[in-house]
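Working notes, beginning with the structure itself.
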Amino acid sequence: METLAPIPTPPAQRWREFRIQALPILTFIAVLICVVTLWQNYVVPTSIVGEVESTHAVVISSVPGTIKELKVQRFQRVKAGDEIAQISTMDAETLQAALRAIEGDLKLMRARMQLDVERNIQSYESFRLEYLNERVELSLERVRSKIYDAELARQEQLLTNASGRLIDYTIYDAARLLAETSRTNLVEREKYLAEKEKTLPQLAPATKADEAVLEAIRTQEAALSAEGGMVTLRAPIDGMITAVAQHTGSKIVENVPIVTISATSSTRIVGYLRRPWNPIPKPGDTVQVRRQSFKREQAPGTVIEVGGQLEPIAFNLIPITTGGTNELGLPFSISIPPELALIPGEPVDLILNTR
């Protein structure tokens with residue numbers, strides 16, 4: 001019997017058999033490989049969540065006023081000490097009115113001081129004229145003392161005359177009394193006028209009322225300017241302006257946020273251990289820190305401190321539960337691996353290496 005050539009199988013039939021017999025097995029193997037790869041490289045235990053700690057500083061004014069100049073804008077980088085804004089705590093009209101009121105009060109004070117100066121000048125001139133009059137009296141007293149001394153000498157000659165007393169002791173004692181009294185009065189008045197002459201320059205009145213008032217006006221203006229002038233607000237930390245709540249010309253009250261500064265770098269990661277609580281991390285434990293990026297870079301970090309109580313976990317780290325209540329977790333801090341270059345506020349995956 002003649003052997004016939006085999007009938008060739010159409011490609012469509014071969015493809016159909018391949019899809020039915022081999023393709024499901026290959027698909028299962030590929031899915032299994034993908035699942036294993038995802039499990040090893042992307043899936044993280046959900047019992048630990050964390051994010052890079054972000055530092056924020058809110059710049060406020062401790063006094064009410066008006067923003068005269070806002071020197072920053074959003075996304076601008078600043079350094080600690082840079083000027084953020086200038087606040088005028090008093091408008092120009094109020095400041096001028098206050099200065100005019102102070103100037104009026106000080107002018108009234110100047111008028112009163114001028115009256116006091118004029119009274120002091122009159123008192124001083126009266127005192128000086130009295131001193132000059134007393135000096136004249138002292139000069140006259142010196143003349144009288146010489147005359148009394150001469151009279152006493154004559155009376156003493158008459159009393160001790162060799163031919164006999166020409167006067168009695170009463171007349172001699174009267175002359176002696178006048179002479180002694182005059183000498184004593186002369187000595188005491190000289191002492192008195194010497195002391196009075198020393199005191200006289202100290203009683204000279206001050207004639208600088210205008211200068212004193214002008215100095216007082218300048219002092220009051222400086223104090224008013226310090227109180228009602230410009231207040232400069234400065235950045236407390238290095239970082240970036242992430243929020244601007246007020247603008248130039250805005251009226252502000254005390255403790256109202258003006259801008260928010262966020263640090264551009266961080267020093268630690270804050271992780272939260274969710275239920276179940278086993279195992280609890282300890283200082284010194286190693287934690288695998290993994291970025292939530294396409295390449296899933298990871299590097300080891302070290303547990304620095306572990307909190308002593310449960311704290312609410314931020315909503316951006318875990319799904320919102322029914323009712324919208326915060327889930328509690330045990331916080332702990334982790335050192336940042338420098339090779340990851342993490343951004344403050346960035347959520348990360350954490351895997352605690354069990355010993």
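Where does the charge balance sit around THR199 when Lys and Arg score +1, Asp and Glu -1, over other residues with C-beta under 14 Å from its C-beta?
Local net charge: 0.
Calculate one ³J(HN,Hα) per residue across region 102-108 by plugging θ = phi - 60° into the Karplus curve 6.51 cos²θ - 1.76 cosθ + 1.60, and present them in order as whole Hz with x for glycine and proline.
5, 4, x, 4, 6, 5, 4
What ranking of SER123, SER54 emerges when the number of other C-beta atoms within 10 Å of each C-beta is taken as an exposure proxy, fewest first?
Values: SER123 12, SER54 17.
Ranking SER123, SER54 by Cβ neighbours within 10 Å, fewest first, gives SER123, SER54.
Residue separation times 0.36 nm, minus the C-alpha to C-alpha distance between LYS191 and LYS295: what's the value?
Between LYS191 and LYS295, full extension yields an extra 26.7 nm.
Each value in this text was obtained by applying a stated rule to the coordinates, not by laboratory testing. What you see is a predicted model; the values in this text were computed from it and never measured. Every residue, glycine as well, gets a Cβ built from its backbone with ideal geometry; the counts of neighbours run over all protein chains shown.
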